[in-house]
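Before any comments, here is the structure.
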Amino acid sequence: MEPLHPMVFDRFCEDGWCYWSDIIFRRNLWEWRGEPCRVILLRIRLDGFQLSKSQRKCLRRNADLRVLRRPLNILRRHEELFDLHAARFHYNRPVSIYGFFSTWSHIMPSLGVEFDVFLDNRHLASSFFHVGHRSMAGNYCIHDPEEAWRSLGTYTMLLEIEYARHLGKEFYYPGFVYDLPSEFDYKLNFHNLEYFDWWGNWYPLERLPVRDWRVHY
């Protein structure tokens with residue numbers, strides 16, 4: 001990978017590409033908890049986006065938190081929070097935060113930014129994203145499992161959407177979900193969703209309540 005012009009980064013996002021560390025890739029089939037599944041790429045059209053009632057509650061629930069926006073830079077405290085976050089996964093547990101980021105993630109594949117979330121001086125969550133010309137793409141989020149009641153994955157996604165709208169972006173790409181219930185299903189609980197058909201087209205996707213993926217495993 002090398003740094004991409006913001007408009008080139010947009011085009012990769014529009015064509016179904018994702019990125020980790022120093023690679024950019026596409027995949028439409030995967031395996032989750034031993035079952036083959038399809039990968040569903042998502043984006044949110046930001047024009048006319050509206051918060052749901054539950055998302056407004058999420059913002060109010062976390063109004064006591066302090067948010068710092070800064071250039072993407074992995075520090076020791078991110079490594080420690082990642083270890084707590086990764087312990088949540090009983091299947092396909094990520095090994096290292098550096099499986100998702102490289103030394104150059106602040107400029108590759110485009111401008112990299114992070115939100116760090118604190119309760120007083122306690123680091124509760126971080127989300128990482130990259131900025132294009134017309135779009136913004138979420139990369140990864142880590143959060144303290146002891147604060148699960150705060151729904152920090154949803155909260156940081158809302159922060160990113162708000163920032164993308166502030167910048168005048170057209171699309172926000174939150175990554176992917178599977179056609180099986182999984183930990184990532186909270187991404188489906190947003191208005192103005194669209195999904196990629198792997199033929200170059202994006203279609204509207206109705207907002208779905210979060211499924212309880214744990215009952216399936």
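Report the charge-dipole magnitude of the range 6-216 in Debye, nearest 20, computed about the Cα centre from +1 at each Lys and Arg Cβ and -1 at each Asp and Glu Cβ.
Numbers: 28 positive and 27 negative charges, 93 e Å.
Dipole magnitude for the range 6-216 comes out near 440 debye.
Can you tally the net charge around residue 129? Count Lys and Arg as +1, Asp and Glu as -1, for every other residue whose Cβ sits under 10 Å from the Cβ of residue 129. Intermediate values should be presented prior to the final figure.
Numbers: positive: none; negative: 114, 160.
In short, -2.
Mind checking the full-extension length gain between residue 76 and residue 146? Use 0.36 nm per residue of separation minus the Cα-Cα distance, one decimal, nm. Please report the intermediate quantities before stating the final value.
Details: separation 70, 0.36 × 70 = 25.20 nm, distance 1.94 nm.
Between residue 76 and residue 146, full extension yields 23.3 nm more.
For the range 6-216, what's the relative contact order in percent, using C-alpha pairs closer than 8 Å and at least 6 residues apart? Could you put the intermediate results ahead of the total?
On the way: 373 pairs, mean separation 58.5, N = 211.
Answer for the range 6-216 is 28 percent.
Tell me, what is the percent relative contact order of the range 1-76, built from C-alpha pairs under 8 Å that lie six or more residues apart?
Details: 26 pairs, mean separation 10.5, N = 76.
Over the range 1-76, the number comes to 14 percent.
Fewest to most neighbouring Cβ within 10 Å: what's the order for 96, 110? All intermediate terms of the calculation are to be shown ahead of the outcome.
Working: 96 12, 110 25.
Ascending Cβ contact count within 10 Å gives the list 96, 110.
Please work out the FRET efficiency for the pair residue 93 and residue 47, using the Cβ-Cβ distance as r and a Förster radius of 30 Å; give the result to the nearest 0.05. Write out the running numbers ahead of the final one.
Working: r = 38 Å, r/R0 = 1.26.
The formula returns an efficiency of 0.20 here.
List the residue ranges in the chain for DSSP H helices whose C-alpha atoms run 18 angstrom or more along the long axis and whose Kyte-Doolittle average is -1.0 or above.
Working: long enough: 152-166 (21 Å, 0.03).
Helices meeting the criterion: 152-166.
Once you have the Cα-Cα distance between residue 118 and residue 170, take 0.36 nm times their residue separation minus that, and quote the gain in nm to one decimal. Please list the in-between numbers first.
On the way: separation 52, 0.36 × 52 = 18.72 nm, distance 2.89 nm.
Net length gain for the segment: 15.8 nm.
Sum up the charges of everything whose Cβ sits under 15 Å from the Cβ of residue 176, counting Lys and Arg as +1 and Asp and Glu as -1, but leave residue 176 out.
Numbers: positive: 26, 27, 38, 43, 187; negative: 14, 15, 31, 179, 183, 185, 194, 197.
Combined, the nearby Lys, Arg, Asp and Glu give -3.
Grab the other residues whose beta carbon is less than 9 angstrom from that of residue 78, score K and R as +1, D and E as -1, and report the net.
On the way: positive: 76, 77; negative: 79, 80, 114, 116.
Overall, the nearby charge balance is -2.
What order do you get for 129, 115 when you list them from fewest to most C-beta neighbours inside 10 Å?
Placing the least packed residue first, the sequence is 115, 129.
Any read-out appearing in this document is the output of simple, stated calculations on the displayed coordinates, not a laboratory observation. All values derive from a computational prediction rather than experimental measurement. Virtual Cβ from ideal backbone geometry, glycine too; neighbours counted across all protein chains shown.
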